[in-house]
Protein chains: 4
Amino acid sequence: MSKRKNQFSEKAGLGFGTKNFNKQTRFLNKNGSVNVKRLDGDFLGRIDFYHSLITMKWRNFVLLVLSCYFITNLFFAALYYWAGTEHFGNLAGVDEPQKFIELFFFSAQTLTTVGYGYIYPKSTLVSAIAAVESMTGLLAFAIATGVLYGKFSRPQTHVRYSKHCLISPYENITGFMFRIANTTQNELIETEVKVTLTMNDLKTQERLFLQLPLEIDKIGFMPLSWTIVHPINEDSPIYNFTKQDFINAEAEFIIMFKAINDTYSQNVYSRTSYKANEIIMNAKFKPLKRTQRGNKITIDLRKLNEIEQFND
Amino acid sequence: MSKRKNQFSEKAGLGFGTKNFNKQTRFLNKNGSVNVKRLDGDFLGRIDFYHSLITMKWRNFVLLVLSCYFITNLFFAALYYWAGTEHFGNLAGVDEPQKFIELFFFSAQTLTTVGYGYIYPKSTLVSAIAAVESMTGLLAFAIATGVLYGKFSRPQTHVRYSKHCLISPYENITGFMFRIANTTQNELIETEVKVTLTMNDLKTQERLFLQLPLEIDKIGFMPLSWTIVHPINEDSPIYNFTKQDFINAEAEFIIMFKAINDTYSQNVYSRTSYKANEIIMNAKFKPLKRTQRGNKITIDLRKLNEIEQFND
Amino acid sequence: MSKRKNQFSEKAGLGFGTKNFNKQTRFLNKNGSVNVKRLDGDFLGRIDFYHSLITMKWRNFVLLVLSCYFITNLFFAALYYWAGTEHFGNLAGVDEPQKFIELFFFSAQTLTTVGYGYIYPKSTLVSAIAAVESMTGLLAFAIATGVLYGKFSRPQTHVRYSKHCLISPYENITGFMFRIANTTQNELIETEVKVTLTMNDLKTQERLFLQLPLEIDKIGFMPLSWTIVHPINEDSPIYNFTKQDFINAEAEFIIMFKAINDTYSQNVYSRTSYKANEIIMNAKFKPLKRTQRGNKITIDLRKLNEIEQFND
Amino acid sequence: MSKRKNQFSEKAGLGFGTKNFNKQTRFLNKNGSVNVKRLDGDFLGRIDFYHSLITMKWRNFVLLVLSCYFITNLFFAALYYWAGTEHFGNLAGVDEPQKFIELFFFSAQTLTTVGYGYIYPKSTLVSAIAAVESMTGLLAFAIATGVLYGKFSRPQTHVRYSKHCLISPYENITGFMFRIANTTQNELIETEVKVTLTMNDLKTQERLFLQLPLEIDKIGFMPLSWTIVHPINEDSPIYNFTKQDFINAEAEFIIMFKAINDTYSQNVYSRTSYKANEIIMNAKFKPLKRTQRGNKITIDLRKLNEIEQFND
């Protein structure tokens, strides 16, 4: 590790180390997740049920809940059946499978605490099982309440990034730029962006991490779209780079976004990255169409990715 | 975009861009919301049910809950009816509409898990529907619990702003001022205010964003009212402005307020704006009446807007 | 307002304004609450039910819940009775009061969704009332869940302050000091204290607010007690003050405490104040007794207020 | 207290005071908890039920819930039995113990609001007891919901520290170093570490607290492992220390870790300490094995503690 590298890390260290990865490896995926899996002897330490449930897709979550409901009822129905069908009042089934099905629904009525009571437990044993089951139901439901609240109230950013980043003339110099927009109805305030460029130093074969200064890196709030610009002047580490230079250096621009969601007073974070092949040279973003009816301004986010090439 | 504009943006950029809007357009509404609607191809990305429920008025929320309750019962009653009324014990209705009404209330008893059990499901099919319905009820209720907690615990500022802002002599110079008060019983601490003036530069036809320095922009806490003052000295961008100058420049003062709610240890935010026609020249705020009985100071916030004109 | 006053306010403004209050008025009560009541024309804006419930004493909260339970049951029992006792199955009461009592308990069984079903609604009208009541019960219970969670999870500081503050020799100079301790099992980290002195300027008759520099104003965490010291050197605004000087100036030391509760990762805040009559001159705090058994250090917080007078 | 000591405290004060403890005492346990018990006259102030429930092990929590369930049912069964078994419909027990058991399960059905209703209360007295019990059940369950959510959503760091810290050659100088890794699937961002060395000053017999400057003390995020380094140059307070020097001075390195959990947008904190006997001289950490399949990098955290001695 050279002294020089340390200076950069001190400013822009991202915790990835300086060992080169294979070519084509992204540090960050487009959705901001990290390409790292952690192997660990401690099995339980690795599993965080709550985290999994909170971040699970809604469709999978509903399927999971219904499966658990079904399996739990099956389990208690089996217990009741093992205890003996003669301990229940009003079982109408004429054969064993029918009785099992009745016990299955008795279990569902107990677990959800509906308790119609047409079928009812008569003996101590099945009453005790039912008492445990109804308690189980309540606790499971308490957990479900917490998880559902966690799923709903989890801060979500819904920032959309332009598909490409551009390097093109900007005012009197050249700029590296990309565009973001807030796609939710929640206002984002105290919005901040950091751009870190990581690339191979072709001389030392080390991985550099360089924080790029931005024209504006913090805005009060973000009702419309925001074009973030790194001015490529003589101080910039990518001064006079061609697209091929970026590809050779395996450059990746890591974008870190931070804001406060006004509705929930929560900090929200978002990340993405641009690889060298996502750079477009000599183009600019088309302005987003704004229409105004009375006081209301409408902005069309479907054009966020639209660019036009400079003719030169 | 001129260099000069960028310097201002760097300090005061609010994410509105520099394109002029129609006259009469407010950037911020009086209640702090933004006059922007976002069009987006991604339909689901645009809808945030939880956010809508959390910010919905209580009256509408209760109506929504009752409607959903009614419609869900109607749906399950129809399912039970379709399965056949002969699958239920103790249905007393003598004609079909009466039976449907009984099934509707059986559904309500299942959905809320009351489960009197006078009417009860006899066959596998309707037992299964009832098992699904009671589970649906529990999950819907879990969601309602989360949403109600979200509605209650959502940070709310209840800062009241004076209706007008004043420009008038202040100490030896002139000041731009407005007044705010906390109308809740929660103490607000670490209170901060930022004032950004946005107006058209009549020469360049660009929209300027200028953060105005304040006499005091942060106070420890805010038990009484607080008059915020921007001293209009020679450094101020509105030095010697007349009311007509503000109107010509389509000036808007954007107020951003931030504090910590002491009871919940939550950051709270509030915004408002003053347009040129809400400026009153040469007036001062009447002091809020304070009465003191024993140790208790009472302050009358109904006079927050009261001003008196200077005679000169 | 003089220029000089503004300079102090800029550093230490607490939002109390500069008008003098009656003698004997505290700005802050010992428990940190503010002696201000806000009168307001907007009745609803002034009431914040959730805040009241969250901060209510447990004893009162339980009484309130039981009262609401009783009154709601009374209300629905009256509705059922008005609809007619002939609409219920299995009413056993032989006279009207007995029947009303049975309906009261039927209401309780519906509101809590127990629904034994021995007594059950037979007609459409009372079934509809029962459907509304069970829904009401669920929503009320959802609210109770949120309020209980709010009560439990509300950040609480449990910082105890020494009863008196001392002014006495300290190292080579004199110091103003008081002592605080954490009385909970939760660790407090990133602990900060600010001391603001407010007193009358006897010449200008204005209220001054002066932030006092502290020897140490931030510590990493606070497992034991902490003595906060303002060194009274020549720069201090209370250099050479006697106790009578403090009384004449109606001095009040306002203490603002801030920390992070390690268990909940929450910011916690606490405030108190010392009036002139709570100052003790020429005394020091007795060290808190620490005993050590093995690795475990025990500290006795009952001696937090104990001081000893200097003999000189 | 000497002047010199104060200067250090001002930078690194940890609230432990300067009195020496017995030898072998740790300030911080390995898991970051503090070796302090607070004695306090105020009994209730010392007990924080919610805190205990939140931090209790899951196994103990489940046992506690089941015990409370059992005891509450026993209590209400005794009440019902005291009121008289003749007030219940459908009691089938032929002797008193059997009837008590039936009342026990009737209580369970009431507490969980299952309410089969086969056994039902007939008189005013037992109906009233049942109404209180079902309300008790609902409130207890509301509390359980809040506690379960609190347990799940409590920020947890799961940072693993290397078992030993190393002092060994590092680049051209010598470094004090240890290694940490994130063992969860949640990304940690804005990661910060502070290292405070506490040791006895052998001349003055005072306890020193010295914050050690680190090569890098903040990284953007922490996907892999992170080796924290304090460069031991001439400015370092442990320049040229031998292991015996550390033991004589009863040195303890206190590590404070802070980050933001990306999934929950929560600040998370972690602490640990290294005593003199946990220092290894002249060794370095073995690199953690990284394998890469396609884009996915796998890192093996089981080797976090593995070191290799330098041969010299």
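Rule-based calculations on the coordinates, nothing more; no lab input. Note that this is a predicted model, so its numbers are computed, not measured. Note that we place each Cβ from the backbone using ideal geometry, even for glycine, and neighbour counts take in every protein chain shown.
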Per-copy distances of the B:ASN277 label point, shortest first, in nm (7 angstrom along Cα→Cβ):
5.7, 5.7, 8.1
Using unit Cβ charges (K, R positive; D, E negative) and no other charged atoms, how large, in debye to the nearest 20, is the dipole of the protein assembly as shown about its Cα centre?
2080
Charge dipole (the protein assembly as shown, unit charges on Cβ, about Cα centre) - positive-most of B:ALA78, C:VAL159, A:GLN185
C:VAL159
From the label point of D:LEU91, set 7 Å from Cα along Cα→Cβ, how far away are the matching label points in the other copies, in nm, ordered shortest to longest?
2.7, 2.7, 3.8
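Which of A:LYS163/A:LYS296; B:LYS151/C:LYS57; C:LYS30/C:LYS194; C:LYS30/C:LYS218 have a Cα-Cα distance over 18 Å?
A:LYS163/A:LYS296; B:LYS151/C:LYS57; C:LYS30/C:LYS218
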Dividing the surface of the Cα convex hull of the stretch B:44-153 by four yields a projected area in nm² of 8.3
In whole Å, how far is the Cα centre of the stretch D:270-312 from that of the stretch A:262-312?
43
Chain C: radius of gyration and largest Cα-Cα distance (Dmax), Å:
29.2, 91
Karplus couplings for the stretch B:227-234 from phi (6.51 cos²θ - 1.76 cosθ + 1.60, θ = phi - 60°), rounded to Hz, Gly and Pro as x?
9, 8, 10, 9, x, 8, 9, 5
If R0 is 41 Å, what FRET efficiency do you get for B:GLU234 and A:MET281 from their C-beta distance, rounded to 0.05?
0.30
Amide H to amide H, which residues 5 or more places from B:VAL268 or on other chains are under 5 Å from it, using H placed in the peptide plane?
B:ALA259, B:ILE260, B:ASN261
Per residue of A:240-246, what is the mean number of Cβ atoms on other protein chains within 10 angstrom of that residue's Cβ?
0
Distance in nm between D:LYS218 and C:GLU192 label points, each 7 Å along Cα→Cβ, equals 1.4
Mind listing the phi-derived Karplus ³J(HN,Hα) values for the stretch B:69-77, rounded to whole Hz, using 6.51, -1.76 and 1.60 with θ = phi - 60°, and x for any glycine or proline?
4, 5, 5, 4, 4, 4, 4, 6, 4
Euclidean distance between Cα centres, the stretch A:79-118 to the stretch C:128-200, Å
51
Amide H to amide H, which residues 5 or more places from D:HIS158 or on other chains are under 5 Å from it, using H placed in the peptide plane?
none
For a quick check of your reading of the filter: which trypsin sites (Lys or Arg not before Pro) in the stretch C:41-112 sit in a DSSP loop and have no more than 15 other Cβ atoms within 10 Å?
C:LYS57
For the D:THR204, C:LEU202 Cβ pair and Förster radius 35 Å, calculated FRET efficiency rounded to 0.05 is 0.20
Between B:ASN60 and D:LEU125, take the C-beta separation as r, use R0 = 45 Å, and let me know the FRET efficiency to the nearest 0.05.
0.55
Where rotation carries B onto A, the chain B residue whose Cβ is nearest that axis, in whole Å
B:GLY117, 3
Obtain the radius of gyration and the Kirkwood radius of the stretch D:232-312 from its C-alpha atoms and give Rg over Rh.
1.08
Positive-pole candidate from D:GLY93, D:CYS68, D:PHE49, dipole of the stretch D:45-153, charges at beta carbon
D:PHE49
So, with +1 on the Cβ of K and R and -1 on the Cβ of D and E, and no other charges, what is the size of the charge dipole of chain A about its Cα centre, to the nearest 20 debye?
720
Unit charges on C-beta of K, R, D, E only; dipole of the stretch A:44-153, Debye:
480
Cβ-based charge dipole, the stretch A:44-153, positive-most Cα from A:THR124, A:PHE104, A:VAL147
A:VAL147
Using the 7 Å Cα-to-Cβ label point, sort the distances from D:ILE173 to its equivalents in the other copies shortest first and give them in nm to one decimal.
3.4, 3.4, 4.8
Through the Karplus equation 6.51 cos²θ - 1.76 cosθ + 1.60, θ set to phi - 60°, convert the phi angles of the stretch C:129-138 into ³J(HN,Hα) values in whole Hz; use x for Gly and Pro.
4, 5, 5, 5, 5, 5, 5, 4, x, 4
At 7 Å along the Cα-to-beta-carbon direction for both A:ARG290 and A:CYS68, put a label point, then send me their distance in nm to one decimal.
4.8
Sorted by chain and then number, the residues having a modelled amide H within less than 5 Å of the amide H of B:SER225, at least 5 places away or on another chain, are none
If a paramagnetic tag sat 7 Å from the Cα of A:ILE173 along the Cα-Cβ line, which residues of the stretch A:234-248 would have the backbone N under 14 Å from that point?
A:234-241
Counting only helical runs of four or more DSSP H residues, what would the 222 nm mean residue ellipticity of the protein assembly as shown come to if each run contributes -39,500 (n - 2.57) and the total is spread over all its residues?
-10500 deg cm²/dmol
By what distance, in whole Å, do the Cα atoms of the protein assembly as shown stretch along each of the three principal axes, largest value first?
89, 85, 84
